[in-house]
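Some notes on the structure that comes next.
The values are calculated or read from the model by the stated rules, or taken from the named source; none is laboratory data. Please read all numbers here as calculations on a predicted model, not as lab measurements. Counting neighbours? That spans all protein chains shown, and the Cβs are built from the backbone with ideal geometry, glycine included.
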Amino acid sequence: PSITTDMEVLTREVERYVSVKKLEIETLNIRENYRKEFMGNISHELKTPLFTVQGYILTLLDGAMKDKKVRKKYLQRASKGVERLIYIIKDLDMITKLEVGGLILNKENFNILTMVQNVFDLLEMKAAKKNISLVFDKEYFGEILVNSDKERIEQVLSNLIVNSIKYGKQDGTTEVSVENITKNKLLVRVTDNGEGISKENLQRIFERFYRVDKSGSRKEGGSGLGLSIVKHIVEAHNEKIYVESQLGIGSEFSFTLEKGK
Ligand code: ADP
């Protein structure tokens, strides 16, 4: 081989090496930006409730403590703020586990009908505050077996139903249904007739921290992590999640599950 061929081979090798390194740097930059954005979002989400709690404590120390009624009211509000912080931290903990360590699934056979009933029971009080009816299209007895991680799927159901109540209208309805779609798959739907989601927001609601109402004064607490947790869990099961929604009319979230045997 001539010197020119050697040089050409060498040049190509160097070029290849440079492009691999460029790609590595790009990936690192993307990760670094992602990390920065994540950290920024976390501190933003934590700041609001922390400042609220601090505000009530300072007012109490400033003299409000003397009045028994005011004292109770402010302590209750401070406690609500702390409660919100705990929720956010729990969600963060979950999302970090899902994103960093991957999710180890403990699959087992269980009756999805009983699960829906249990989640309804847990959320009954929350729904009652807005006079929202929780409706299930199947009889509560009987059995439809599912093969999946029971605890995680309960969280998926719970997050979706909590949302349907939070963004549902006064006197509205949340309906859950379980449907056979193929020999091995079921589709679970959570439908509400609440505020609905516009087209442009619909594309983004599964992103971490994404919330349609970004104002600090929004009435519904939450971390903006609920749906990204839902999506992670469903996809870890190799299943699919769908959403359909119309502003002012309502939303339907649905996901597939493997049938149990
Ligand atoms: P969070 O409820 O804590 O804000 P989520 O990730 O659960 O976070 O939801 C993201 C956003 O999607 C919500 O802030 C809300 O704007 C919108 N959303 C979710 N579920 C519904 C629903 N059933 N109806 C209307 N909007 C919804």
Inset, instruction - Could you please tell me which pairs satisfy a Cβ distance under 7 Å, a separation of 6+ or placement on different chains, a first residue in the range 219-248 that is free of Cβ contacts under 8 Å to residues at least 24 places away in the same chain, and a second residue that is surrounded by 14 or more Cβ atoms within 10 Å (Cβ to Cβ) and of a type in the set (Asp, Glu)? - result: Glu244/Glu252
Inset, instruction - Could you tell me whether any residue of the range 152-172 is hydrophobic (A, V, I, L, M, F, W, C), touching a strand residue (DSSP E or B) at 6+ places or on another chain (Cβ under 7 Å) and farther than 30 Å from Pro49 by Cα? - result: no
Inset, instruction - Output the number of the condition that Ile197 fails; it satisfies all remaining conditions of (1) in contact (Cβ under 8 Å) with a residue 60 or more places away in the chain; (2) closer than 30 Å to Gly81 by Cβ. - result: (1)
Legend entry - Which listed residue, of Asp213, Asp192, is surrounded by fewer than 18 Cβ atoms within 10 Å (Cβ to Cβ) and within 11 Å of the ligand (Cβ to nearest atom): Asp213
Inset, instruction - Could you list, in sequence order, all residues of the range 108-129 that are over 22 Å from the mean Cα position of the chain (by Cα) and basic (Lys, Arg)? - result: Lys129
Inset, instruction - Of all residues in the range 126-181, count the ones that are closer than 23 Å to Ile88 by Cβ, in contact with a Gly (Cβ under 8 Å, 6 or more places away or on another chain) and of a type in the set (S, T, N, Q). - result: 3
Inset, instruction - Give the residue that is farthest from the chain's Cα centre (by Cα), with candidates limited to residues of the range 1-32 that are of a type in the set (Asp, Glu) and more than 29 Å from Val100 (Cβ to Cβ). - result: Asp6
Legend entry - Pairs with Cβ under 9 Å, 6+ apart, first in the range 8-37 and assigned to a helix (DSSP H, G or I), second surrounded by fewer than 10 Cβ atoms within 10 Å (Cβ to Cβ): Val9/Pro1
Inset, instruction - Considering (1) more than 11 Å from the chain's Cα centre (by Cα); (2) within 12 Å of the ligand (Cβ to nearest atom); (3) among the basic types (Lys, Arg), say which one Lys240 fails and leave the rest. - result: (2)
Inset, instruction - State the number of residues belonging to the range 92-141 that are surrounded by 13 or more Cβ atoms within 10 Å (Cβ to Cβ), charged (D, E, K, R) and assigned to a loop (DSSP other than H, G, I, E, B). - result: 2
Legend entry - Any chance Arg152 is surrounded by fewer than 17 Cβ atoms within 10 Å (Cβ to Cβ), within 19 Å of the chain's Cα centre (by Cα) and more than 7 Å from the ligand (Cβ to nearest atom): no
Legend entry - Subset of the range 81-91 (residues that are surrounded by 14 or more Cβ atoms within 10 Å (Cβ to Cβ) and of a type outside the set (A, V, I, L, M)): Gly81, Arg84, Tyr87, Asp91
Inset, instruction - Go through the residues of the range 195-210 one by one and say whether even a single one is touching a helix residue (DSSP H, G or I) at 6+ places or on another chain (Cβ under 6 Å), surrounded by 19 or more Cβ atoms within 10 Å (Cβ to Cβ) and under 22 Å from Met115 (Cβ atoms). - result: no
Inset, instruction - Out of Ser245, Ser223, report the one residue that is modelled with pLDDT of 90 or more and near the ligand (Cβ under 8 Å from one of its atoms). - result: Ser245
Legend entry - Some residue of the range 60-67 being more than 18 Å from the chain's Cα centre (by Cα), under 30 Å from Phe255 (Cβ atoms) and of a type outside the set (Ser, Thr, Tyr): no
